[in-house]
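S.K.: Structure below; questions to follow.
The values are calculated or read from the model by the stated rules, or taken from the named source; none is laboratory data. Small disclaimer: the values here were computed from a predicted structure and weren't measured. Cβ: placed from backbone, ideal geometry, glycine included. Neighbour counts: every protein chain shown. When the accessible area is computed, the model is the full protein with side chains, heavy atoms only, and any ligands, DNA or RNA have been set aside. Shrake-Rupley method; radii C 1.70, N 1.55, O 1.52, S 1.80 Å.
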Amino acid sequence: MLNIKNLHARVEDKTIIQGLNLEVNPGEVHAIMGPNGAGKSTLGYVLSGREGYEVEQGEVSLNGNDLFEMEIEERASNGLFLAFQYPVEIPGVSNMEFMKESVNATREHRGEEPLSATEFLKQAKEACKQVQLPLDFLKRGVNEGFSGGEKKRNEIMQMILLKPSLCILDESDSGLDIDALKVVANGVNSQRDSARSFIVITHYQRLLDFIKPDFVHILANGKIVKSGDASLALKVENEGYAFLGKEFEEVSA
Amino acid sequence: MSEQIEQALDRKYEAGFYSEIESDTFESGLDESIIRRISEMKKEPQWMLDWRLKAYETWLKMDEPEWAHVHYPKIDFQAISYYSAPKSMADKPQSLDEVDPELLRTYEKLGIPLHEQEMLAGVAMDVVFDSVSVVTTFREKLAEAGVIFCSISEAVHTYPELVKKHLGSVVPRADNYYAALNSAVFTDGSFVYIPKGVRCPMELSTYFRINEMNTGQFERTLIVAEEGSHVSYLEGCTAPQRDENQLHAAVVELVALDDATIKYSTVQNWYPGDEDGKGGIYNFVTKRGICHTNAKISWTQVETGSAVTWKYPSCILKGDNSVGEFYSVALTRGRQQADTGTKMIHLGKNTRSTIISKGISAGKSNNTYRGLVKMGPKADGARNFTECDSLLIGDTCGAHTFPYIESRNPSAIVEHEATTSKVSDEQLFLCQQRGLNPEKAVSMIVNGFCKEVFKELPMEFAVEAGKLLEISLEGSVG
């Protein structure tokens, strides 16, 4: 599915990712935790191809293709989905229009016919239901005037509609109360199957109570310093990052 | 990201071709004899010629206005030809079958197959090619409802009383420099008359095309809506791609009598000039309507073309309870300059006006909103709401807003809101992350920005306007 080898990447002149290795197989859920400034969100942006995030060295393949050979939208069409930490508003463009264009662009890329308006509407309604978004959100402008929680749910709604093969969730739990968190987690869990993989970036173990990871990785100073199963997240919750060694005591404080 | 936007904006002007049509074109230059010849070509009555000559005298005494936020070399009015008509028009065709096939092909290439238009009931068209009206469709059907829709030249002959009464009643000859010039040399345009209580059974539309080189187009449109009547009118414009600048100086007058409604929509796509600002149309237009008691005039415009635009469709809200609306989308790119907006003159009691202006600037262009809201001393309880939004694409363009408010009535309420935003990297990234290419992303964001205005356009036109923006932004065939 996704194979990251010795990735180095920088933002402006600061190298953030410094020799990161990660393999994600179909159906797996990988959680990435780590202190502030470790490079967690940067990893999501580098993989999705955001401008300003430059790859210095390393290789990444997605479903067998060289990721860095592809434009942002090609990566998306090839199954990479990023759920944003701070989804931006697009005033005047309805969620419905936006997602219809988006779904059909992806279908076109796969050589499939565009969805009919009726079929799309059916799927969109279903996706809204799964994340408990009222249907009038389809008519509203993309993220326009949405609350923080609504924006996060809207991201998951989009993920459900696009059926990606690799979902990167960038702090989809931040700013959510416990009920909203459960809704987001349920939405994600409903999409888990043997083919779809997830990278869940989070600060808090709490989310992982609801989305059970197969692996937990601790990212620090731009590389994975420790990997384990779900119990590693609990350890972080209880002890902070101090157990990683003296150098992390400060950043975790 | 800005590089991608630049590419996305690298458009082609689709209407830029020239048609090989034999024309009778006046030599360039302007003096009294030219005006006499225009009048003669049109076999006009003496009163019309006198009217033109008076306008010419006035014009000679006026100075070219320089207050607009636009820059262009001085226009040489002696280098322009003031009349050009296809030879085949010498005897005006009575129906589409008699129209020169090359002319029909021109309109087909522009996406306006006249034959098809005639079949598809719904829109009646007047087609103006350079200085003359080529054909007007659906005349019989309109006549049944008592609606008059013909070229202004024809109206001068057939309905002289109506023309005499209303021509220059809203935009006087001496109104401004270009209006005076137009009054002296106007060649053709449309005339619409809706009788009392009649709801015009179909959309009326005029399509303007400048074809000949060094020719100015000076059209004159007059729409009169009698008491309680209703009409929706659309105009579209294109011109060939040339290195020289061409002048288009039109005058549009709307008269909405008591309880009448006029909806006037424009999709303007004159040739904007090339990347370096060479060529393109100078679009200096005066559009104004007068509203009597309870009447309503609504202007909607989508402006994507012209090298320089100078245009302020306005409403004089004379009657009590009358309503004026102005909805505008102006897109500038390359080196285009637009100085556009509206004037809402509130004279009557409880008059209301709404102004929604959306300016989109890209490339090295400059986009200016200039608007006047005036509340007269008798305009008790009058209200205006203005919303003026600018969207910047890239960082080499400019957006400017000059709102003027004059209130002489303490009970009048004027509200003004203005915003400036940019197509942000975050928005583009979100769209691309969802699988959309940058061109599609930009056009979607821009269309979203314009939504409030597009929903005011008649349905067929709204689709067309959306497409035009997309073409303007994409550089691909829509």
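S.K.: For the stretch B:25-59, enumerate the residues that are under 16 Å from residue B:180 (Cα atoms), open to solvent by less than 40 Å² (accessible area, probe 1.4 Å) and not in a helix (DSSP H, G or I).
M.R.: If the condition is that a residue be under 16 Å from residue B:180 (Cα atoms), open to solvent by less than 40 Å² (accessible area, probe 1.4 Å) and not in a helix (DSSP H, G or I), then B:30 is the only one that fits.
Matching residues to (1) aliphatic (A, V, I, L, M); (2) open to solvent by 40 Å² or more (accessible area, probe 1.4 Å); (3) under 23 Å from residue A:149 (Cβ atoms); (4) touching a residue at least 60 places away in the same chain (Cβ under 8 Å):
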{"residue": "A:175", "(1), (2), (3), (4)": "no, yes, yes, no"}
{"residue": "A:184", "(1), (2), (3), (4)": "yes, no, yes, no"}
{"residue": "A:191", "(1), (2), (3), (4)": "no, no, yes, no"}
{"residue": "A:203", "(1), (2), (3), (4)": "no, yes, yes, yes"}
{"residue": "A:212", "(1), (2), (3), (4)": "no, yes, yes, yes"}
{"residue": "A:217", "(1), (2), (3), (4)": "no, no, no, yes"}
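S.K.: I'd like to know if the stretch B:354-362 contains one or more residues that are open to solvent by 60 Å² or more (accessible area, probe 1.4 Å) and away from every other protein chain (no Cβ under 14 Å).
M.R.: No, the stretch B:354-362 has no match at all.
S.K.: If I ask for residues that are within 13 Å of chain B (Cβ to nearest Cβ), open to solvent by 80 Å² or more (accessible area, probe 1.4 Å) and farther than 13 Å from residue B:440 by Cβ, which ones from the stretch A:103-121 would you list?
M.R.: Those that are within 13 Å of chain B (Cβ to nearest Cβ), open to solvent by 80 Å² or more (accessible area, probe 1.4 Å) and farther than 13 Å from residue B:440 by Cβ: A:110, A:114.
This table checks each residue for (1) touching a Cys at 6+ places or on another chain (Cβ under 6 Å); (2) open to solvent by 10 Å² or more (accessible area, probe 1.4 Å); (3) modelled with pLDDT of 95 or more; (4) of a type outside the set (Val, Ile, Thr).
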site: B:317; (1), (2), (3), (4): yes, no, yes, yes
site: B:322; (1), (2), (3), (4): yes, no, yes, yes
site: B:332; (1), (2), (3), (4): no, no, no, no
site: B:336; (1), (2), (3), (4): no, no, no, yes
site: B:350; (1), (2), (3), (4): no, yes, yes, yes
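S.K.: Determine if the stretch A:132-142 includes at least one residue that is open to solvent by less than 70 Å² (accessible area, probe 1.4 Å) and either within 14 Å of chain B (Cβ to nearest Cβ) or touching a Pro at 6+ places or on another chain (Cβ under 8 Å) (or both).
M.R.: Looking through the stretch A:132-142, at least one residue is open to solvent by less than 70 Å² (accessible area, probe 1.4 Å) and either within 14 Å of chain B (Cβ to nearest Cβ) or touching a Pro at 6+ places or on another chain (Cβ under 8 Å) (or both).
S.K.: Quick check: is even one residue across the stretch B:376-388 within 14 Å of chain A (Cβ to nearest Cβ), open to solvent by less than 50 Å² (accessible area, probe 1.4 Å), more than 27 Å from residue A:162 (Cβ to Cβ) and in contact with a strand residue (DSSP E or B) (Cβ under 9 Å, 6 or more places away or on another chain)?
M.R.: Yes - at least one qualifying residue is present in the stretch B:376-388.
S.K.: I'd like the full set of residues that are under 18 Å from the mean Cα position of the chain (by Cα) and either within 17 Å of residue A:152 (Cβ to Cβ) or more than 8 Å from every other protein chain (Cβ to nearest Cβ) (or both), limited to the stretch A:90-102.
M.R.: Once the filter is applied, which keeps residues that are under 18 Å from the mean Cα position of the chain (by Cα) and either within 17 Å of residue A:152 (Cβ to Cβ) or more than 8 Å from every other protein chain (Cβ to nearest Cβ) (or both), the stretch A:90-102 yields only A:99.
S.K.: So is residue B:417 under 30 Å from residue A:152 (Cα atoms), modelled with pLDDT of 90 or more and open to solvent by 30 Å² or more (accessible area, probe 1.4 Å) or not?
M.R.: When the stated conditions are applied, residue B:417 does not pass them.
S.K.: Can you pull out the residues in the stretch B:164-203 that are open to solvent by less than 10 Å² (accessible area, probe 1.4 Å), touching a helix residue (DSSP H, G or I) at 6+ places or on another chain (Cβ under 8 Å) and under 16 Å from residue B:226 (Cβ atoms)?
M.R.: B:191
S.K.: Taking only pairs six or more apart or across chains, which ones have beta-carbon atoms under 8 Å, a first residue in the stretch A:152-169 that is more than 11 Å from every other protein chain (Cβ to nearest Cβ) and under 21 Å from residue A:30 (Cβ atoms), and a second residue that is β-branched (Val, Ile, Thr) and surrounded by fewer than 22 Cβ atoms within 10 Å (Cβ to Cβ)?
M.R.: Listed by first residue and then by second, the contacts come to A:166/A:24.
S.K.: Can you pull out the residues in the stretch B:395-432 that are part of a loop (DSSP other than H, G, I, E, B), within 14 Å of another protein chain (Cβ to nearest Cβ) and closer than 15 Å to residue B:359 by Cα?
M.R.: Residue satisfying the conditions is B:423 alone.
S.K.: Which one of A:51, A:28, A:59 is of a type in the set (Asp, Glu) and within 13 Å of chain B (Cβ to nearest Cβ)?
M.R.: Every option except A:51 fails the conditions.
S.K.: Of the residues A:209, A:214, only one is in contact with a strand residue (DSSP E or B) (Cβ under 7 Å, 6 or more places away or on another chain) and charged (D, E, K, R); which?
M.R.: When all the criteria are applied, what remains is A:214.
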